[in-house]
Amino acid sequence: MKKMIRFGKSILTAVLTASMTMALAGCGGASGSTGSSVTTSAGQTAATTEAGGSGEEKPVLRVGMECAYPPFNWTQDAATTPDGSTAVPIYDSTLYAYGYDVAVAQMIADQLGMDLEIHKVEWSSIGISMDAGDYDCIIAGMGRTAEREMAYSFTTPYYYRDNCIVVKKDGPYSGVTGLSDLFGTGCKVSTQLGTGWIPLLDQIEGAETGMNFETTSECFMAVSNGVADVCIVDLPTAQSALLTNSDLMIITFDEDDSFVGDEEMVNVCIATRKDDTALRDRIQEAMDALGWNDKAAMDELMERVIGQQPAAN
């Protein structure tokens with residue numbers, strides 16, 4: 001991992017305070033807004049809304065995400081979170097989205113002088129829907145892999161994460177400390193469909209594979225119910241799940257006895273269509289202007305949003 005630039009806590013606090021409390025009434029996708037099309041300074045065509053009824057058009061950053069992948073993104077009924085942060089209306093819905101991805105997307109939209117519009121989409125079709133023009137970019141906890149780089153353009157990471165496994169706390173695999181401990185056990189392993197964790201399943205020699213699910217919540221439920229023994233996932237998502245699944249436990253492996261190639265899933269990046277490098281570059285410029293290349297700042301925001309998710313998530 002490359003060396004990252006750190007900035008002061010006072011700057012981080014100012015950035016988060018200014019960005020997270022921004023009112024979102026009248027944003028693209030909210031009730032009562034009117035849409036059209038405008039070509040931005042970067043050259044891409046974006047949806048627009050009338051600002052304050054004055055007839056002025058403001059560009060809209062349309063973002064696709066699951067809204068079902070806490071703590072990166074989730075769906076909630078309320079317009080605010082317990083700490084008063086403003087959630088974002090989900091396009092064509094009466095519900096709201098929040099989480100790490102939403103908070104970062106709002107900061108970027110504010111920096112670009114754009115309204116934010118969140119589109120809820122199933123993970124299995126998230127790239128297809130972006131290519132179809134349903135939204136402009138993906139900010140959804142997506143790991144930048146070599147395979148995905150052939151299909152999309154990516155920014156630098158907006159989050160760095162570690163991987164782990166989740167098992168039953170009182171189950172036969174609770175004492176596992178390394179990947180090799182699972183070899184030959186015949187354990188039933190699972191992860192989310194369409195993710196970079198899929199190739200890691202085959203690294204557990206003698207495991208029973210093929211029981212993968214559309215959402216991480218379904219993966220955790222499978223472990224709780226005994227349908228699966230081991231779930232491969234990222235650490236923040238596992239930590240989020242344990243808030244409401246006390247029967248589960250997290251195991252992290254030492255790098256000397258762990259998965260090979262899982263470093264691809266460490267870099268969580270923003271994706272645009274492959275040929276939309278103009279928008280990719282504008283988003284990157286916004287991230288750079290915000291100083292959003294500091295792991296300490298990222299971890300602080302992640303820690304805060306984990307505590308804001310509804311219990312139902």
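Coordinate-derived values only; no laboratory data. What you are looking at is a predicted structure, and each value in this text was computed from that prediction instead of being measured. Cβ placement follows ideal geometry from the backbone for every residue including glycine, while neighbour counts extend to all protein chains displayed.
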Protection proxy (average C-beta count within 10 Å per residue), highest first, orders 129-137, 113-121, 96-104 as 96-104, 113-121, 129-137
What is the calculated FRET efficiency for N225 to E263, with r their C-beta to C-beta distance and R₀ = 35 Å, to the nearest 0.05?
-> 0.65
For L279, what charge total do you get from the other residues with a beta carbon under 13 Å from its beta carbon, if Lys and Arg give +1 and Asp and Glu give -1?
-> 0
Pull out the extension gain between D170 and D275, defined as 0.36 nm times the separation in residues minus the alpha carbon to alpha carbon distance; nm, one decimal.
-> 32.8 nm
Pairwise FRET efficiency - M211 versus E303, Cβ, R0 = 22 Å, nearest 0.05 = 0.10
Exposure proxy check: L242, L112 ranked by fewest other beta carbons within 10 Å?
-> L242, L112
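I need the GluC sites (Glu not before Pro) found in the range 189-281, filtered to DSSP loop residues with at most 14 other beta carbons within 10 Å of theirs.
The qualifying sites are E205.
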Which FRET efficiency, nearest 0.05, do D92 and I198 yield, Cβ-Cβ r, R0 22 Å?
-> 0.10
Relative to the present Cα-Cα distance, how much length would full extension add between E147 and S180 at 0.36 nm per residue of separation?
-> 9.2 nm
Net charge over other residues, Cβ less than 15 angstrom from the Cβ of S93 (K, R count +1; D, E count -1) | -4
Once the in-chain neighbours fewer than 8 apart are removed, the aspartates and glutamates whose Cα is under 15 Å from K188 read D202, E205, E208, E218, D229
